Amino acid sequence: MPVRPTAALTALLTTVLAAGALTACDAGSGEGPDTLRVSYKQSTDNSVKVMDTYLAGIKKQFECEHPGKKVEFVPIKAPDSEYYTKLQQMLRSPRTAPDLVYEDTFLINSDITSGYLKPLDPYLAKWPDWGRFIGTAKAAARGQDGKTYGVPDGTDTRGLWFDKRVFRKAGLPADWQPRTWDEILAAARTIKRKVPGVTPLNLYTGKPAGEEATMQGFEELLYGTNDGRSDPLYDAASKKWIAAGQGFKDALAFVHSVFQEKLGPDVSDALDPNYSTTVRGELLPEGRLGIDLDGSWLPQDWLPGSGHEWKDWSKETGLASMPTQHGQAPGKVSMSGGWTWSIPARAAHPDLAFDFIRTLQTRDNARKWYIANSGIAVRADVASDPAYAGAQPGIKFFTDLVATTHYRPAFPAYPKVSTAIQEAMEGVTTGDRTVAQAAGDYDAALKDATGGQVVGG
Amino acid sequence: MRRRGAAPGLLRALPLAPAVVLLLLFLAGPIAYCVLIAFTDLQLTGQAHSSFVGFANFRRAFADPAFLNAVWLTLVFTVLSSIVGQNTLGLALAALMKRASRPVRAVAGAVVVTAWVLPEVVAGFLLYAFFRREGTLDAVLGWLRLPRQNWLYTLPILAVSFANVWRGTAFSMLVYSAALDEIPAEISEAAEVDGAGGLRRLWHITLPMIRRSIGTNLMLNTLQTLSVFGLIWVMTRGGPGDRSQTLPLLMYEQAFQNSMIGYGTAVALLLLLVGALFSAVYLRLLRTEV
């Protein structure tokens, strides 16, 4: 018998939210048929107002263009994981569901499966700008039913950051561009030999690092194995997850080499949950790390006012794309995530909500947003716009990766699959498990996480 | 107005009504709701409908090595940090401070209580900085030419237990200070005149007389320690691997990271059961007449 035991909680939440909304309302806005309610994730850092400022401008513009309509924001101030929880609770009931929500592509397919979101295809078909979005980004919010449930407002990409100061001491080229995994290991070995006291190569690993280990670490390797194009985790044709094959084992073997040859950080550091803060805030700026497999957003941490400013970061670091295993086509690998604007299935004003998305995603507004939040453009016309491409060093490099980037198979089982990957990585990182044992553990965990929906690797 | 028609007893109970309603709504309600969903396969996201699954979540827990590991670590953590650490150290500090001079007592008391007043997360970060590689402890060991290591990696459960002792001892100390002050000075003096040494006086006079405080203190300490989350989360995230993953951390991982609300709630209920078992033991201790 299907039950909805959350009804009581939803009712309670509704009361609490209603009370909050009533006190937060200013005189002009109300719950009328002309009020559009928009939920988004507000930064937990009070000094960061990037999104609030941007959306306030959009609201003004939208209300001007739609006389008689009002926009009311329902910001949720929480860290990522709690944001998802709150949003999912709100989406369960028509009384709390906003008209427009900000969804992370990490969990969007889960929410689609739960029936929380509305397919946007009828709207998108009549919206000429949709054709300007890059194909891979369009797929980020596509459900297993083939329908699209969100409009992406940017993305991120990943690659290799390297320290030119360290490279100079090691006698490595300043325009380093490795073509295979072996060339990365070779460079790391050179650094280890010639520049003592420096960590040659950082690769996020293990459960403490969480999704960072899966996405920046393992998947950057895995998606460069085999033909370098098809999804090595999920088989779309049979809708099943793929067990650990040769590519998976090769990726584990790479992790194993990095830590057993001591090319990476000390294992106890690598398994410290706060290690990524150390990497961005200390190791890289202080020139104590040679190569870092990491994301496009790193400079955010080095800009003025960030606490660990690094004025010369663009002169002292170099960027290289992550190569495929043997240099096979397409030659480079990147993983992408990002957020989308979606309309809840229980929204009261879906048509108005889509109008708001169109305002958010005019060419000018999109560009303004990418520049404001150091995002990577997913609209081809903005990506080629010099005002965007020149806004920050490195932005062109990371934008060019969008063409060949991969999105995770972010289906409902994905968070559990991701944990299984982290555990396999951790096993070979500490040396407790051999590559074959870790791959076997992964297969067992995968079966458990996906209810047995697995095909051979 | 129907003032006259109401029964006087009911009228007198009326002021209690808001409190009763609030308790039902915010305490009994959520607990009943938790019990209900522990028997479903409810997920936060990723499923269209949930259904009742009977005892499947509980069967799953007892077959899950991660759960058994968490139960074991929870017991280790509780016994080490609460029963042995906070309790014994608190009593020792209280006894020492009774004999100390006034300024020493004031300074020592202030230091211990500061650790207790600090928010859990702040204390977590302080101790993370103390135990981490290149942290304070490591630096001291290096200075003493002893082998250096990352304690959070080599002995994570010990490190978080120590952190909990550091943070929670003040409470025991305050409880025992109050209890020791209650012991009439004549009794101790009489025993001393009779020739009883320090240890004998502790065993035959002090401990029996503060028995009730010991029971209360153990119960409060244990229940608080069982539910410690923030401290461990900040210091180790339950890792490396699952070597410091106590029940509250396992519950969080299952419910909010893996979205398995039903299973996570079942784990929470089992944690409640562990707490109830400890409480039952302490209640017996409290009831026994001296």
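The values are calculated or read from the model by the stated rules, or taken from the named source; none is laboratory data. All figures in this text were calculated on a predicted structure; none of them were measured in a lab. All Cβ positions, even for glycine, are placed from backbone atoms using ideal geometry, and neighbour counts span all protein chains on display. Ligands, DNA and RNA are stripped out before the accessible areas are found, and what is left, the full protein with its side chains, is counted by its heavy atoms. Shrake-Rupley method; radii C 1.70, N 1.55, O 1.52, S 1.80 Å.
Overview of results
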{"quantity": "Pairs, first more than 20 Å from A:GLY290 (Cβ to Cβ) in region A:199-226, second part of a helix (DSSP H, G or I) and among the acidic types (Asp, Glu), C-beta under 6 Å, six or more apart", "calculated": "A:GLY206/A:GLU426; A:LYS207/A:GLU426; A:THR225/A:ASP250"}
{"quantity": "Top-ranked residue of region A:139-174 - restricted to ones that are without any contact (Cβ under 8 Å) to a residue 60 or more places away in the chain and in a helix (DSSP H, G or I), ranked as nearest to A:GLY331 (Cα to Cα)", "calculated": "A:ARG168"}
{"quantity": "Those residues of region A:404-416 which are within 12 Å of chain B (Cβ to nearest Cβ) and part of a helix (DSSP H, G or I), in sequence order", "calculated": "A:TYR414, A:PRO415, A:LYS416"}
{"quantity": "Any chance A:VAL198 is among the aliphatic types (A, V, I, L, M), touching a strand residue (DSSP E or B) at 6+ places or on another chain (Cβ under 8 Å), surrounded by 24 or more Cβ atoms within 10 Å (Cβ to Cβ) and more than 14 Å from every other protein chain (Cβ to nearest Cβ)", "calculated": "no"}
{"quantity": "Search result, residues across region A:57-94 that are open to solvent by 60 Å² or more (accessible area, probe 1.4 Å), in contact with a Lys or Arg (Cβ under 8 Å, 6 or more places away or on another chain) and part of a helix (DSSP H, G or I)", "calculated": "A:ASP80"}
{"quantity": "Hits in region A:57-72 (condition: of a type in the set (Asp, Glu) and within 17 Å of A:PRO350 (Cα to Cα))", "calculated": "A:GLU63, A:GLU72"}
{"quantity": "Condition met for B:ASP64 (within 14 Å of another protein chain (Cβ to nearest Cβ) and free of Cβ contacts under 8 Å to residues at least 40 places away in the same chain)", "calculated": "yes"}
{"quantity": "Considering residues of region A:185-204 that are among the hydrophobic types (A, V, I, L, M, F, W, C), assigned to a loop (DSSP other than H, G, I, E, B) and under 19 Å from A:ASP269 (Cα atoms) only, the residue farthest from the chain's Cα centre (by Cα)", "calculated": "A:VAL198"}
{"quantity": "Residue in region A:417-439 that is surrounded by the fewest Cβ atoms within 10 Å (Cβ to Cβ), counting only those that are free of Cβ contacts under 8 Å to residues at least 40 places away in the same chain and part of a helix (DSSP H, G or I)", "calculated": "A:GLN437"}
{"quantity": "Helices (runs of 4 or more DSSP H) contained in region B:38-138 and holding at least 2 residues of a type outside the set (Phe, Trp, Tyr) and modelled with pLDDT under 90", "calculated": "B:65-77, B:87-99, B:102-117, B:120-131"}
{"quantity": "Residues of region B:65-90 classified as farther than 16 Å from B:LEU273 by Cα and open to solvent by 30 Å² or more (accessible area, probe 1.4 Å), total", "calculated": "9"}
{"quantity": "Restricting region A:66-96 to residues that are away from chain B (no Cβ under 14 Å) and of a type in the set (Gly, Ala, Ser), the residue that is nearest to A:TRP341 (Cα to Cα)", "calculated": "A:SER93"}
{"quantity": "Condition met for A:LYS368 (open to solvent by 10 Å² or more (accessible area, probe 1.4 Å) and within 30 Å of A:PRO67 (Cβ to Cβ))", "calculated": "yes"}
{"quantity": "Output for region A:373-392, where each listed residue is open to solvent by 10 Å² or more (accessible area, probe 1.4 Å) and touching a Pro at 6+ places or on another chain (Cβ under 8 Å)", "calculated": "A:SER374, A:GLN392"}
{"quantity": "Enumerated helices (runs of 4 or more DSSP H) restricted to region B:204-290, each holding at least 3 residues that are farther than 30 Å from A:PRO412 by Cα and either within 14 Å of another protein chain (Cβ to nearest Cβ) or open to solvent by less than 60 Å² (accessible area, probe 1.4 Å) (or both)", "calculated": "B:211-226, B:261-287"}
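Okay, residues lined up against (1) open to solvent by 40 Å² or more (accessible area, probe 1.4 Å); (2) more than 18 Å from A:SER39 (Cα to Cα):
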| residue | (1), (2) |
| --- | --- |
| A:TYR102 | no, no |
| A:LYS118 | yes, no |
| A:PRO128 | yes, yes |
| A:GLY131 | yes, yes |
| A:LYS138 | yes, yes |
